[in-house]
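Contents: one structure, followed by commentary.
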Amino acid sequence: MTDSTQVDRFTGRHRATLTRQELFRVAAALGVAGAGLGLTACGSSSSSGTSAASAAGAIRRGGTLKLAVTDASSAEKLDPAVQTVTNDALYCSQIYECLTRSDESWQVTPLLAEKWEANADLTEWTLTLRPGVVFHDGSPLTSKDVVWSLQRILDPDLGSALYSRFAESVDKDGVQAPDDQTVVLKLKRPDALMPLALSERQAKIVKDGTSDFTVSTAIGTGPFKVKSWTPGQSWSLVKNDAYWEKGLPYLDGIQAVIIGEQATKVQSVVSGSNDLGDPIDPSTASSVTSSSTASLLSADNSYYLELAMDQTQKPFDDLRVVQAVKLVQDRAQLVQTVVQGFGESTGDTPAPPSDPYYPADLGVPERNIEEAKRLLAEAGYPDGIELELFTAPAYGGMVDLAVAFQQQAKDAGITVKLNQWPAATYWSEVWLVKPFYAVYWNRRHPGQAASITFASNAPWNQNKLADPELDALISEGLATADEARESEIYPQLLKRIADEHGSAIPVFGHKLWVRRNNVNGVETDLTNYLFFRKTWLS
């Protein structure tokens with residue numbers, strides 16, 4: 001935001017004052033990231049990604065941004081409702097737009113919806129669309145497009161990550177369009193976080209009737225249009241001259257290529273073959289900080305690294321084994337070895353300690369080898385246990401976490417066999433398939449994270465654990481607009497994940513994007529990754 005006002009998450013309207021809880025949230029975010037989760041520069045460049053105009057001179061229009069991406073999949077699509085990895089998030093975030101946008105303090109601001117309002121019991125939301133918005137083919141955005149887009153997500157056969165989150169709150173017939181500019185969501189339950197859910201990257205708006213997404217039919221309202229696309233290999237976008245935000249975008253286009261090896265990707269930016277790379281392995285950061293042509297852009301505490309255990313498969317169906325895996329972690333050491341100090345320790349929850357909802361009684365658990373051995377013996381493994389751990393160089397730190405855990409686990413009699421999988425097929429053949437693997441996640445509001453990855457019916461429930469108590473806490477959080485009550489519910493929810501779920505989460509990391517020093521005005525977002533509408537090349 002450009003002024004001191006905030007946007008009320010329940011009405012979508014600006015207000016001039018912050019509540020005590022909001023001040024706490026903002027202070028916590030600023031204390032971690034300096035300028036929040038806006039990209040901040042480190043290394044050899046002193047200019048920030050979002051204040052580049054003052055640091056690099058007048059904005060220049062034109063040019064093509066050359067982007068190098070490692071985290072890609074051969075199974076990815078142009079359909080924003082089913083995106084899963086960094087690559088499809090990057091192009092979908094330029095082609096399509098959500099109704100709302102959220103920040104790191106969980107405040108929601110207008111995007112395609114200019115305002116929204118809930119009834120007294122939070123069971124009905126009315127959204128008013130921004131006037132004058134057109135799709136890439138020139139047709140106007142109307143409420144019919146929004147109804148179609150949200151109803152697609154509510155189709156279980158589509159397989160959207162947001163299905164369970166939305167389906168628990170609204171049925172298809174609850175998504176209504178009383179007129180061309182108004183959308184009404186009639187809910188099955190109270191849902192205080194619905195405007196936040198509408199900012200998730202899978203909730204982007206597509207044209208009414210679109211179900212087959214090709215280069216010619218992938219039509220959105222975003223600042224760029226599709227020119228070419230080959231899944232898992234390359235893509236290119238061109239400027240949308242009819243973009244609703246006048247004067248934007250600055251670039252003529254974006255050209256992306258997939259480079260599967262992290263060091264090669266970094267060198268391609270340092271050498272000038274590419275302008276920007278997706279998040280790098282922290283172990284390669286020194287090759288950027290020593291460069292005179294490139295620098296690191298850091299989005300602090302914006303993702304976490306995890307060792308996921310399927311609790312329906314042996315030996316992880318025994319909670320004592322799960323707890324032993326967590327106890328062998330030396331979290332402070334992992335921050336240094338896995339993310340090279342670019343992050344902080346956390347306690348097996350999808351939130352860093354700086355999050356306003358982090359449980360006060362959890363702290364950051366200390367390593368306890370003797371207790372891990374005792375639990376393994378009770379579980380029937382007095383002489384230790386052998387585990388196979390899958391990983392891939394698909395995202396910075398995933399391989400390093402697996403290797404470091406292998407070394408730490410030895411002390412408790414846990415022998416870890418590492419299986420390094422090709423990055424190109426990791427998300428289709430390992431993730432949600434194998435019993436024990438490394439993975440990364442973007443930071444989300446605790447209620448959103450729980451709905452998407454820990455709820456009993458979550459499509460990305462890696463632990464595959466049915467947990468009615470957690471489901472109840474999720475529902476309780478959605479049913480209240482009272483901040484004091486939220487501050488009771490969400491810490492309980494996070495503590496339950498730490499205690500009962502098979503997710504070993506030792507580290508939150510700062511996303512380190514490598515860029516040429518002439519790349520300016522990049523915007524970051526917790527779920528959409530990067531926006532290039534204000535990006536320009538000096």
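Beta bridges per DSSP, both residues in the chain: antiparallel share near 80 percent. Within the chain, helices built from complete DSSP H runs that reach 18 Å or longer along their own axis (Cα positions) and carry a mean Kyte-Doolittle hydropathy of 0.5 or higher are 20-33. From the largest down, the range 404-456 spans 36, 28, 20 angstrom on the principal axes of its Cα atoms. Look at the Cα gyration tensor of the range 238-341: its axes a ≥ b ≥ c give a/c of at least 1.5 with a/b over b/c, and that counts as prolate. When SER475, SER93 are compared by accessible area of protein heavy atoms, the largest-first order is SER475, SER93, using a 1.4 Å probe. For the range 381-489, the Cα-based Rg and Dmax, in that order, read 17.3, 51 Å. Per residue, the convex hull around the alpha carbon atoms of the range 173-241 comes to 146 Å³.
Enter the Cα centre distance for the pair the range 221-235 and the range 91-114, rounded to the nearest angstrom. The two parts, judged by their Cα centres, are 20 Å apart.
All other residues whose Cβ lies under 13 angstrom from that of ARG320 are scored, Lys and Arg at +1 and Asp and Glu at -1, for a net of -2. Dividing the C-alpha radius of gyration of the range 269-409 by 2.2 N^0.38 Å, with N its residue count, gives 1.23. Direction-averaged projected area, Cα convex hull, the range 270-311: 4.3 nm², rounded to one decimal. Projecting the Cα atoms of TRP148, ALA423, THR289 onto the charge dipole of the chain (Cβ charges, centred on the Cα centre) puts THR289 farthest toward the positive pole. Per residue, the chain exposes an accessible area of 35 Å² to a 1.4 Å probe, with every protein chain left in place.
Beyond 30 Å in Cα-Cα separation lie the following of the pairs LYS410/LYS464; LYS144/LYS265; LYS265/LYS417; LYS172/LYS246: LYS144/LYS265; LYS172/LYS246. Between the range 416-452 and the range 300-316, how many Å separate their Cα centres? After rounding, the separation between the Cα centres reads 7 Å. Taking other residues whose beta carbon is less than 10 angstrom from the beta carbon of TYR440, and scoring Lys, Arg as +1 and Asp, Glu as -1, yields -1.
Working note: 222 nm ellipticity from helices only, DSSP H runs with n ≥ 4, each -39,500 (n - 2.57), summed and divided by the residues of the chain, gives -7500 deg cm²/dmol to the nearest 500. Rounded to whole Å, the principal axis extents of the Cα atoms in the chain read 68, 56, 45, largest first. When the pairs LYS66/LYS207; LYS239/LYS511; LYS204/LYS227 are compared against a 23 Å limit on Cα-Cα distance, LYS66/LYS207; LYS239/LYS511 fall above it.
How are the C-alpha pair distances of the range 460-538 spread across 5 Å bins, as whole percents from the shortest bin up? The distribution over the range 460-538 is 3, 11, 15, 14, 12, 13, 10, 10, 8, 4, 0, given as percents.
Which is the longest stretch in the chain that no exposed loop site breaks, taking sites as GluC sites (Glu not before Pro) with a DSSP loop state and at most 14 other Cβ atoms within 10 Å? With a cap of 14 other Cβ atoms within 10 Å, the longest stretch comes to 1-244. Taking other residues whose beta carbon is less than 10 angstrom from the beta carbon of LEU187, and scoring Lys, Arg as +1 and Asp, Glu as -1, yields -2.
The values are calculated or read from the model by the stated rules, or taken from the named source; none is laboratory data. Because the structure is predicted, anything quoted here is derived from the model rather than measured. Note: ideal-geometry Cβ built from the backbone for every residue, glycine included; neighbour counts use all protein chains shown. Ligands, DNA and RNA are stripped out before the accessible areas are found, and what is left, the full protein with its side chains, is counted by its heavy atoms. Shrake-Rupley method; radii C 1.70, N 1.55, O 1.52, S 1.80 Å.
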